[in-house]
Amino acid sequence: MIAALLTASGAYGQVSEQGDSVWRSEQLQEVSVSAMGHRHGKTSGLGNTDFIGSNELLRAACCNLGESFTTNPSVDVNYADAATGAQQIKLLGLSGTYVQMLTENIPNYRGAAAPYSLGYIPGPWMQSIQVSKGASSVKNGYESITGQINVEFKKPQATPFADANIYYNTKGKLEANLGANLHLNDRWSTALLGHYEILNMAHDGNDDGFVDMPKVRQGQLMNRWAYMGDNYKFQAAIKGLKEHRKGGQIAHPSPPQGRDVQIHNSASFSNQTSHPSEGLGEAPYIIDITNERYEAFTKNAYIFDHEHGSNIALILSGSLHHQNTLYGNKQYNTDQRNGYASLMFETDFDEHHSLSTGISLNHDHFDFDETNPGVYAQYTFKVGEQFTLMGGLRWDHSNVYGGFVTPRMHLKYSPSDNVTLRGSIGKGYRTNHVMAEYNYLMASSRQIFIDDDLDQEEAWNYGLSAALSIPIGERKLDLSAEYYYTTFLHQLLVDMDSNPHAVHFTNLTGDSYSHTWQAEATSEIFDGFTLTATYRRTNVKSTYGGALREKPLTNKYKGLITAQWKPGLGKWQFDATLQLNGGGRMPDPYTLVDGTPSWDSRYKGYEQLNTQVTRFFRHWSIYAGGENITGRRQKHPIIAADDPWGSDFDATMVWGPVHGAIYYIGVRLNWEKL
């Protein structure tokens, strides 16, 4: 199927839905046109997928991928700590490490890139985002456990364009983005995308002596090429990024001499920083992080039977990621090299039966080397638009963990145009690179213990969903409900409960699961005004110290109300999003000298309001808005901030916003050849 190379990579338009049967180019063009204004996927496509199109991305500033989920009810984005600015997502109540990140339908941002990857994709570069929940196609590998997030960049072969986006906010952050493509002839085209951002002002809104957000300077450049022949299709890109983050206490003299943190299996090493009496003087606690990343990919497809969509495709990609980090006087440096190859064959036997099969190879050079060759086959049976059944099976072999099998299945039934029922079941696996993925936990004085012989994580995911469209006069009411259950057979347990002055990475002993229920309603209330309301309930538990307990720092529920008003001729657009975030459990505290706990055992729910106003002109638009206008923030996100060299310091107990209201203004310039 050409979808893995061309539709997923955007040769014709948007990504196909989770391994659906062959998509013709004209069908994809229809999807592309209809999808631009709304988040959809509830009634179309095989999988339960939220599609975030270009117009949806304009509803907020969307400076990067993390901020693009502001209006999405399925994905939560929070700060991982109060010192580094690292953001993490949660899907189906579980950490973003269980979500397979894809760019142009290629696995990406694994390992060392994970802590800051949400800031590595500028919003103005994106054409669309697809958020697929639950088990996904076996074609992209075995790593998806709770779902996939795929990002499509702007295409060189699209309508010729040139655009720019300038953004500035009240915290002093400035961003500039430039993009353009050029059609060299009827076959060849190229595109260039550039990004630069700088935040060079120190803010300490709660007067704890630490900056609320680190200073950041980041630059990126990407060049893309495409060749669109009658039978042969080719795409290639190269991208480079450099970023520097500096946080910690407000005063920043020369940092104390750092020491490398040695990472070994069965390692038990102290993260406690030296005390000033050991020669550091009264030097401030600083955090200094540098990331350099280089990526390249190429996609090739040859179509030898257009009637049946028969094609063979080869995808190659590689990345280099270098990271230097300094937390106080602790240092962790890492280099990751990744290579990925996929050779696939896809065909339609007839209108009911299709097959996708292929081989793949993934290699990670890291704290240890892992090579995974794999083979897969995926069969799809389809009866019009009413019934689709897709089953996939893949086998992979790891030089570290041996061979393992990944089965997945999807079912879609639409008894009418207004009702769609879906079910899915599948297994996923992942390899842990503990310190690369969790090095932000070094922003504390906790000791770090890593067990020897950590298991490969393994989990089953089960999902059910229903979508209903109810006509109401000339309008309609769209309703959807879904339930997902994830249960782990093997899991990396991040234990911050057993010892409040330590974090222990160990294998799960006992049960670990996530239950997620979500309901959503969307309707155009009157001309130009659309309202969406969503409520999600989450129950996530793991076994800590022999007891099944609620997972810490996980919200019990989330409510989301989004409203958009685009009156008249559409020259103005007004957007508002209200989030209601439920409370949850904190890791177990320690006891102070006076007998009181160091922090509350639970945190309360909180609300956040974001708004934006946009004025459109022919070739440009101006927008202004506010984030977290309610000003809700965690008052003391850093424990023992007055003594960062002491044994109680901890900047990782974050459950809510670490900064107050932010207001911004921006200008978008755009030109498209008609």
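Checking region 314-332 against the condition returns no match, with no residue being of a type in the set (Val, Ile, Thr), in contact (Cβ under 8 Å) with a residue 40 or more places away in the chain and surrounded by fewer than 21 Cβ atoms within 10 Å (Cβ to Cβ). Annotation note: of Lys556, Lys571, the sole residue that is touching a Gly at 6+ places or on another chain (Cβ under 7 Å), open to solvent by 50 Å² or more (accessible area, probe 1.4 Å), closer than 25 Å to Glu627 by Cα and touching a residue at least 24 places away in the same chain (Cβ under 8 Å) is Lys556. Within region 120-176, the residues that satisfy the criterion of being within 20 Å of Gly45 (Cβ to Cβ) and in a loop (DSSP other than H, G, I, E, B) are Gly134, Ala135, Ser136, Ser137, Ser144, Thr146. Taken over region 191-206, the criterion of being buried (at least 17 other Cβ atoms within 10 Å of the Cβ) and part of a strand (DSSP E or B) is satisfied by Ala191, Leu193, Gly194, His195, Glu197, Leu199. Here is the figure for region 211-253: residues that are closer than 22 Å to Gly85 by Cβ, modelled with pLDDT under 95 and open to solvent by 70 Å² or more (accessible area, probe 1.4 Å) total 1.
Take the conditions over 21 Å from the mean Cα position of the chain (by Cα) and within 24 Å of Phe574 (Cα to Cα) and apply them to Ala533. Does it pass? Give the derivation first.
Working: over 21 Å from the mean Cα position of the chain (by Cα): yes; within 24 Å of Phe574 (Cα to Cα): yes.
In short, yes.
Any idea how many residues of region 431-450 are in a strand (DSSP E or B) and surrounded by fewer than 22 Cβ atoms within 10 Å (Cβ to Cβ)?
Quick first cut of region 431-450, residues in a strand (DSSP E or B) only: 444, 447-450.
Checking which are surrounded by fewer than 22 Cβ atoms within 10 Å (Cβ to Cβ) leaves us with 447, 449-450.
Looking only at that region, the number is 3.
Could you list, in sequence order, the residues of region 207-241 that are more than 29 Å from Gly172 (Cα to Cα) and among the small types (Gly, Ala, Ser)? Result: Ala226, Gly229, Ala236, Ala237. Taking region 616-649 as the search range and keeping residues that are assigned to a loop (DSSP other than H, G, I, E, B) and among the β-branched types (Val, Ile, Thr), which one is nearest to Arg602 (Cα to Cα)? Looking at the filtered set, the residue picked out is Ile638.
Which residue out of Ala533, Ala576, Ala519, Ala563 is open to solvent by less than 30 Å² (accessible area, probe 1.4 Å), touching a residue at least 24 places away in the same chain (Cβ under 8 Å) and over 26 Å from Leu492 (Cβ atoms)?
Numbers: Ala533 fails: open to solvent by less than 30 Å² (accessible area, probe 1.4 Å); Ala576 fails: open to solvent by less than 30 Å² (accessible area, probe 1.4 Å); Ala519 fails: open to solvent by less than 30 Å² (accessible area, probe 1.4 Å).
None of the other options fit; the residue is Ala563.
Checked against the criterion of being within 19 Å of Tyr603 (Cβ to Cβ) and open to solvent by less than 40 Å² (accessible area, probe 1.4 Å), the candidates Asn507, Asn581 yield just one match: Asn581.
Which residues, taken from region 626-674, are under 30 Å from Val613 (Cβ atoms) and of a type in the set (Phe, Trp, Tyr)?
Our first condition is that a residue be under 30 Å from Val613 (Cβ atoms); within region 626-674, this holds for 626-634, 656-674.
If the condition is that a residue be under 30 Å from Val613 (Cβ atoms) and of a type in the set (Phe, Trp, Tyr), then Tyr663, Tyr664, Trp671 are the ones that fit.
Within region 519-538, the residues that satisfy the criterion of being under 11 Å from Pro73 (Cα atoms) and not hydroxyl-bearing (Ser, Thr, Tyr) are Ala519, Glu520, Ala533, Arg536. Cβ separations smaller than 6 Å between residues 6+ apart or across chains give the following pairs from region 359-373 residues that are under 8 Å from Gly339 (Cβ atoms) to residues that are outside any loop (DSSP other than H, G, I, E, B): Leu361/Ala341; Leu361/Pro373; Asn362/Tyr340; Asn362/Asn372; His363/Gly339; His363/Thr371.
The values are calculated or read from the model by the stated rules, or taken from the named source; none is laboratory data. Since we're looking at a predicted model, the values are computed, not measured. Heads up, the Cβs are rebuilt from the backbone with ideal geometry, glycines too, and the neighbour counts pull from every protein chain shown. What goes into the accessible areas is simple: the full protein's heavy atoms, side chains included, and nothing from ligands, DNA or RNA. Shrake-Rupley method; radii C 1.70, N 1.55, O 1.52, S 1.80 Å.
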